[in-house]
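The values are calculated or read from the model by the stated rules, or taken from the named source; none is laboratory data. These numbers come from a predicted model, not from an experiment. Here Cβ is always computed from backbone atoms with ideal geometry, including for glycine, and neighbour counts include all displayed protein chains.
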Amino acid sequence: MNKLLEKLAPFLQQTWQKAGFETPTAIQDTTIPLLIEGKDLIAESPTGTGKTLAYLLPLLNRIDPALPSLQVVVLASSQELVMQVYQEFQKWSEGSGIRGTSIIGGANMKRQLEKLKKRPQVIFATPGRLLELMKQKKIKMHEVKMIVLDEADQLLVAEHRGTVQNIVKSTLQDRQVVLFSATLKPETEQLGKELTKDAEVVRIGKDEKASAGKVEHFYFVCEQREKIKLLEKIARLSEIKALAFINDISEVSVAAAKLNFKELSVGLLHSELSKIEREKALREFRSGKLSMLIATDVAARGLDIPGVTHVVNIDLPRDITQYVHRAGRTARMGASGMVLSLVTEREERDIKRFCRDLKVPVDKRIFYKGQISEDQEQVRKGRG
């Protein structure tokens with residue numbers, strides 16, 4: 001057994017073996033020992049590298065099942081991410097006697113209060129709802145000894161920052177504070193340092209990502225009004241499971257409705273949908289009932305959806321960081337995938353710049369007889 005795993009409780013070692021994992025990923029190998037030691041941590045690692053388990057295993061290792069009080073809090077920016085991490089917790093805590101629950105905005109408050117009566121030792125929460133319940137004195141934070149910020153760069157934006165800071169400050173003085181993110185901007189790191197004490201800063205580079213080099217990057221040039229027509233052609237490709245991104249929340253429903261009108265199995269995901277609608281869309285996309293999910297960045301952030309074959313930028317990402325986040329949704333766990341960007345002539349410069357800065361090749365493509373094909377004019381120029 002890996003030396004790292006020997007430091008973990010027997011129930012975690014058993015679940016690891018049952019899951020069929022061989023060796024820990026780079027982020028797990030680096031951060032788990034630090035977290036077991038009780039150090040504060042600020043960690044950056046690309047999407048799909050095993051960040052959730054990197055903090056979940058030490059967290060479970062730390063909880064004392066004999067103490068009925070709340071001991072650990074995990075914060076995430078979206079309801080979907082909270083639920084995804086909570087499901088992982090349920091799998092990994094089996095047989096441990098550790099109680100956990102999820103607390104998210106938009107869910108039935110009465111039902112959440114019932115869950116709290118069972119005295120969870122770990123809570124997975126969105127910050128707004130957690131603070132609301134703290135103010136109502138329904139959640140007591142005075143014995144919390146560890147707090148995790150998952151996708152910390154999203155939790156420390158201006159909108160959530162004050163709430164998150166209040167939550168962290170309500171815990172024990174000698175608390176352990178842990179921040180994980182796929183991209184760590186300098187301002188996020190600085191805010192993280194203000195919340196932590198002598199934090200270790202860990203960065204796992206893109207070149208250590210298991211699926212590096214298996215993503216192809218292509219773009220199509222078209223007028224803005226033609227983007228939906230191109231999207232329809234992409235949605236008709238065989239064996240496709242595509243996650244498509246739009247920047248403006250109001251445009252998501254419009255795009256999905258146009259494709260549904262053409263009898264294509266396309267769903268939508270954005271923060272203004274109800275919890276039930278979002279869960280249904282994700283369930284149907286994961287199962288393959290939907291071949292395409294049109295989403296905003298915020299709604300899709302941090303979600304682990306296996307088997308995504310294509311990422312489509314209907315709207316160009318606002319910056320290179322957003323491009324990296326979106327691209328990280330495909331080619332996970334060694335699979336291959338494509339990132340397709342639909343750009344106007346003016347945006348063509350930007351997509352080329354993003355890929356140049358990321359040191360990844362990007363090529364122009366066209367649709368020919370319903371398939372993605374090389375641009376013959378480009379081919380001729382190349383041969384000339």
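Residues are listed down the side, and each one gets a yes or a no for (1) farther than 23 Å from R236 by Cβ; (2) β-branched (V, I, T); (3) outside the structural domain of S78 (by TED's automatic domain parsing):
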residue	(1), (2), (3)
V308	no, yes, yes
E348	yes, no, yes
P361	yes, no, yes
K369	no, no, yes
Give the residues of the stretch 306-328 that are modelled with pLDDT under 85 and in a loop (DSSP other than H, G, I, E, B), sorted by residue number. P306, G328
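Look through V252, V266 and report the one residue that is surrounded by 14 or more Cβ atoms within 10 Å (Cβ to Cβ), out of contact with any Gly (no Cβ under 9 Å at 6 or more places or on another chain) and touching a residue at least 40 places away in the same chain (Cβ under 8 Å).
Numbers: V266 fails: touching a residue at least 40 places away in the same chain (Cβ under 8 Å).
Exactly one of V252, V266 is surrounded by 14 or more Cβ atoms within 10 Å (Cβ to Cβ), out of contact with any Gly (no Cβ under 9 Å at 6 or more places or on another chain) and touching a residue at least 40 places away in the same chain (Cβ under 8 Å), namely V252.
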Taking I228 and the conditions (1) surrounded by 16 or more Cβ atoms within 10 Å (Cβ to Cβ); (2) under 22 Å from A331 (Cβ atoms), which numbered condition does it fall short on, given that it satisfies the others? (2)
Applying the selection to the stretch 122-144, what residues are surrounded by fewer than 18 Cβ atoms within 10 Å (Cβ to Cβ) and either more than 21 Å from G106 (Cβ to Cβ) or among the hydroxyl-bearing types (S, T, Y) (or both)? K137, K140, H142, E143
In the stretch 105-135, how many are in a helix (DSSP H, G or I) and among the basic types (K, R)? 5
Based on this model, can you work out whether V221 counts as touching a Leu at 6+ places or on another chain (Cβ under 9 Å) and closer than 27 Å to S69 by Cα? no
If a residue must be charged (D, E, K, R) and closer than 27 Å to L35 by Cα, how many such residues does the stretch 130-164 contain? 7
Say we look at the stretch 269-305 and pick out the residues that are modelled with pLDDT of 90 or more and exposed (fewer than 14 other Cβ atoms within 10 Å of the Cβ); which of these is nearest to the chain's Cα centre (by Cα)? R283
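Pick out, from the stretch 171-290, the strands (runs of 3 or more DSSP E) lying fully within it that include 3 or more residues that are closer than 21 Å to Q79 by Cα. Before you say what the answer is, go through the steps one by one.
Details: elements: 176-181, 200-203, 215-221, 242-245, 266-269.
In the stretch 171-290, 176-181, 242-245, 266-269 are the strands (runs of 3 or more DSSP E) which contain 3 or more residues that are closer than 21 Å to Q79 by Cα.
In this structure, does E284 turn out to be touching a residue at least 12 places away in the same chain (Cβ under 8 Å), out of contact with any Lys or Arg (no Cβ under 8 Å at 6 or more places or on another chain), farther than 25 Å from D153 by Cα and not assigned by TED's automatic domain parsing to the domain that holds E151?
Working: touching a residue at least 12 places away in the same chain (Cβ under 8 Å): yes; out of contact with any Lys or Arg (no Cβ under 8 Å at 6 or more places or on another chain): yes; farther than 25 Å from D153 by Cα: yes; not assigned by TED's automatic domain parsing to the domain that holds E151: yes.
Taking the combined requirement at face value, the residue satisfies it.
For every residue, the table says whether it meets (1) at pLDDT 95 or above; (2) within 30 Å of L59 (Cα to Cα); (3) in contact with a strand residue (DSSP E or B) (Cβ under 8 Å, 6 or more places away or on another chain).
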{"residue": "D174", "(1), (2), (3)": "no, yes, no"}
{"residue": "S181", "(1), (2), (3)": "no, yes, yes"}
{"residue": "T196", "(1), (2), (3)": "yes, yes, yes"}
{"residue": "G205", "(1), (2), (3)": "no, yes, no"}
{"residue": "E208", "(1), (2), (3)": "no, yes, no"}
{"residue": "L230", "(1), (2), (3)": "yes, no, yes"}
{"residue": "E239", "(1), (2), (3)": "no, no, no"}
Note on E80: of the conditions (1) surrounded by 21 or more Cβ atoms within 10 Å (Cβ to Cβ); (2) closer than 19 Å to F180 by Cβ; (3) touching a Pro at 6+ places or on another chain (Cβ under 8 Å), unmet is (3)
Taking the stretch 5-31 only, how many residues are over 11 Å from A54 (Cβ atoms) and not in a loop (DSSP other than H, G, I, E, B)? 12
Provide a single number: the residues in the stretch 317-344 that are surrounded by fewer than 19 Cβ atoms within 10 Å (Cβ to Cβ), in contact with a strand residue (DSSP E or B) (Cβ under 9 Å, 6 or more places away or on another chain) and more than 14 Å from L230 (Cβ to Cβ). 2
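Could we say that L56 is aliphatic (A, V, I, L, M) and either outside the structural domain of A158 (by TED's automatic domain parsing) or in contact (Cβ under 8 Å) with a residue 40 or more places away in the chain (or both) here?
On the way: aliphatic (A, V, I, L, M): yes; either outside the structural domain of A158 (by TED's automatic domain parsing) or in contact (Cβ under 8 Å) with a residue 40 or more places away in the chain (or both): no.
Judged against the criteria, L56 is not a match.
Which of the residues spanning the stretch 226-253 are of a type in the set (K, R) and under 19 Å from F285 (Cβ atoms)?
Quick first cut of the stretch 226-253, residues of a type in the set (K, R) only: 227, 229, 233, 236, 241.
R236, K241, listed by residue number.
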